[in-house]
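Engineer: One structure, as structure tokens, below. Some questions next.
The values are calculated or read from the model by the stated rules, or taken from the named source; none is laboratory data. Only a predicted model underlies this, so the values are computations on that prediction, with no experimental measurement involved. Heads up, the Cβs are rebuilt from the backbone with ideal geometry, glycines too, and the neighbour counts pull from every protein chain shown.
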Amino acid sequence: MIPFEFPTFFQIFDFVGTLAFAISGIRLAACKNFDWFGAYVVGLTTAIGGGTLRDLFLGVTPFWMTNPFYLICSAIALVWVILFKKQMVRQNNTWFFFDAIGLALFTVTGITKTIGLDFSFWVAIFMGTLTGAAGGILRDVLLNELPLIFRKDIYATACVVGGVVFHVCALLGVGNELNGIITGLTVFVIRILAVRFHITLPILHMDKEKED
């Protein structure tokens with residue numbers, strides 16, 4: 001009999017982030033009138049896409065291949081959206097709230113996993129950003145939308161700032177769990193404030209040459 005082990009602090013972050021990202025993906029798939037299976041695929045891709053790319057880059061087995069919970073968690077997200085779809089329709093910004101939660105939590109788990117494999121801090125920042133943002137890119141591609149990361153919205157930038165905050169806190173001797181909370185809140189707050197106050201990155205324009 002395999003003994004039961006309570007999940008670690010960062011495993012809880014990972015599970016909650018998976019649920020949040022899956023709900024955000026399924027909610028948007030519902031707006032596109034996907035069937036249940038299609039919505040599940042979108043939600044699952046949103047939830048595991050970034051972490052899968054991260055693990056492939058780091059040379060380790062993708063996390064969902066060693067623990068079926070992530071597949072089950074995405075199914076739970078599908079049931080959640082089906083049961084509470086009326087409430088979610090009335091609260092049209094619900095997907096954004098869950099997406100912001102997933103972005104924050106996955107940034108933290110991506111950073112901590114990379115550091116745990118003894119990579120440099122700058123690699124950890126990149127992997128944290130990839131973990132947080134890549135799932136949303138794949139989601140938007142499946143939904144035939146311009147990926148959010150390529151718009152003027154503050155999205156991946158929030159992950160980068162969170163990664164820098166994590167590194168600074170580590171240099172100051174802040175404990176891993178507290179550091180994870182501070183980093184997650186940093187990413188979440190930046191994302192929320194950017195949308196609330198319409199804070200955007202400058203847009204790159206290419207001026208056409210005037211004809212003679």
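Engineer: Can you tell me which of (1) in a helix (DSSP H, G or I); (2) free of Cβ contacts under 8 Å to residues at least 24 places away in the same chain is the one A170 doesn't meet?
Structural biologist: (2)
Engineer: Between G175, G132, G180, G163, which is under 22 Å from G110 (Cβ atoms) and under 13 Å from the mean Cα position of the chain (by Cα)?
Structural biologist: That would be G132, the only listed residue that is under 22 Å from G110 (Cβ atoms) and under 13 Å from the mean Cα position of the chain (by Cα).
Engineer: Identify all residues within region 56-89 that are part of a helix (DSSP H, G or I) and either without any contact (Cβ under 8 Å) to a residue 40 or more places away in the chain or out of contact with any helix residue (DSSP H, G or I) (no Cβ under 8 Å at 6 or more places or on another chain) (or both); write none if there are none.
Structural biologist: Across region 56-89, the qualifying residues are L56, W64, M65, L71, I72, A75, V79, L83, K86, Q87, V89.
Engineer: For M127, only one of the following conditions fails: (1) within 16 Å of L28 (Cβ to Cβ); (2) assigned to a helix (DSSP H, G or I). What is its number?
Structural biologist: (1)
Engineer: For the condition closer than 18 Å to F63 by Cα and of a type in the set (D, E), what is the one hit in D118, D99, D153?
Structural biologist: Result: D118 is the single residue among D118, D99, D153 that is closer than 18 Å to F63 by Cα and of a type in the set (D, E).
Engineer: Of the conditions (1) among the β-branched types (V, I, T); (2) over 30 Å from D35 (Cα atoms); (3) buried (at least 17 other Cβ atoms within 10 Å of the Cβ), V164 clears all except one; give me its number.
Structural biologist: Of (1) among the β-branched types (V, I, T); (2) over 30 Å from D35 (Cα atoms); (3) buried (at least 17 other Cβ atoms within 10 Å of the Cβ), only one is false for V164: (3).
Engineer: Determine which single condition F37 fails, assuming it passes every other condition in (1) at pLDDT 95 or above; (2) farther than 25 Å from N144 by Cβ.
Structural biologist: Checking F37 against (1) at pLDDT 95 or above; (2) farther than 25 Å from N144 by Cβ, the one that fails is (2).
Engineer: Determine whether G50 is modelled with pLDDT of 90 or more and under 15 Å from the mean Cα position of the chain (by Cα).
Structural biologist: yes
Engineer: Here's another thing I want to ask about it. From the list C159, C169, exactly one residue is surrounded by fewer than 22 Cβ atoms within 10 Å (Cβ to Cβ), at pLDDT 95 or above and out of contact with any strand residue (DSSP E or B) (no Cβ under 7 Å at 6 or more places or on another chain). Which is it?
Structural biologist: On the way: C159 fails: surrounded by fewer than 22 Cβ atoms within 10 Å (Cβ to Cβ).
Selected residue: C169, the only one of C159, C169 that is surrounded by fewer than 22 Cβ atoms within 10 Å (Cβ to Cβ), at pLDDT 95 or above and out of contact with any strand residue (DSSP E or B) (no Cβ under 7 Å at 6 or more places or on another chain).
Engineer: Listed residues F63, F119, F84; which is at pLDDT 95 or above and surrounded by fewer than 23 Cβ atoms within 10 Å (Cβ to Cβ)? Before the answer, list the steps.
Structural biologist: On the way: F63 fails: at pLDDT 95 or above; F84 fails: at pLDDT 95 or above.
Answer to the check: F119.
Engineer: So G135 passes all but one of these: (1) surrounded by 17 or more Cβ atoms within 10 Å (Cβ to Cβ); (2) within 19 Å of Y40 (Cα to Cα); (3) out of contact with any Phe, Trp or Tyr (no Cβ under 9 Å at 6 or more places or on another chain). Which condition number does it fail?
Structural biologist: Of the numbered conditions (1) surrounded by 17 or more Cβ atoms within 10 Å (Cβ to Cβ); (2) within 19 Å of Y40 (Cα to Cα); (3) out of contact with any Phe, Trp or Tyr (no Cβ under 9 Å at 6 or more places or on another chain), the odd one out for G135 is (3).
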